[in-house]
Amino acid sequence: MTVNGTEQNVRRGSTVTDLVAEITGRHIAADGHATDKQGLGVAVARNREVVPRSQWSGTVLTAGDDIEIVTAVQGG
């Protein structure tokens, strides 16, 4: 699979939640929010379709997926 344009291997059966946790280094609850109650500031698209945070734990990643993880940046 590709994550942000880079080939990446993930364990079979991994979900979007698992991938976000791995990339951010944070524990993610089933509802898609960090267990430390701090905002994640990320959005995820799978094969060019946004995956709602509420669906992260039920979205199983498969070979060939194109994942984009976008981080919110504050500006002014």
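Derivation of every value follows stated rules applied to the coordinates shown; laboratory data play no part. Bear in mind the structure is a predicted one, so any value in this text is a computation, not a measurement. Neighbour counts are summed over all protein chains in view; Cβ atoms, including those assigned to glycine, are modelled from backbone coordinates with ideal geometry.
Listing for the model above:
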{"item": "Radius 13 Å from Cβ of Thr2, net charge of other residues (Lys, Arg +1; Asp, Glu -1)", "result": "-2"}
{"item": "Dipole of the chain, positive end: most advanced residue of Thr35, Leu19, Gln8 [Cβ charges, Cα centre]", "result": "Thr35"}
{"item": "Lys, Arg +1 and Asp, Glu -1 on Cβ, resulting dipole of the chain about Cα centre, debye, nearest 20", "result": "140"}
{"item": "Neighbour count of at most 10 Cβ within 10 Å plus DSSP loop: longest trypsin sites (Lys or Arg not before Pro)-free window in the chain", "result": "49-76"}
{"item": "Over the chain, relative contact order from alpha-carbon pairs under 8 Å, at least 6 apart, %", "result": "40"}
{"item": "Charge sum, other residues only, whose C-beta stays under 13 Å from Ser14's C-beta, Lys/Arg counted +1 and Asp/Glu -1", "result": "0"}
{"item": "Under 5 Å, built H, 5+ apart or other chain: amide partners of Val51", "result": "Val44, Ala45, Arg46"}
{"item": "Residue-by-residue Karplus 3J(HN,Hα) for the range 36-42, coefficients 6.51, -1.76, 1.60, Hz, glycine and proline x", "result": "7, 6, 8, x, 7, x, 10"}
{"item": "Cα pair distances exceeding 20 angstrom across the chain, given as percent", "result": "24"}
{"item": "Amide H partners (placed H, <5 Å) of Leu61, local residues excluded", "result": "Ser14, Thr15, Val16"}
{"item": "Value at 222 nm in deg cm²/dmol, rounded to 500, when DSSP H runs of n ≥ 4 in the chain each add -39,500 (n - 2.57)", "result": "-3500 deg cm²/dmol"}
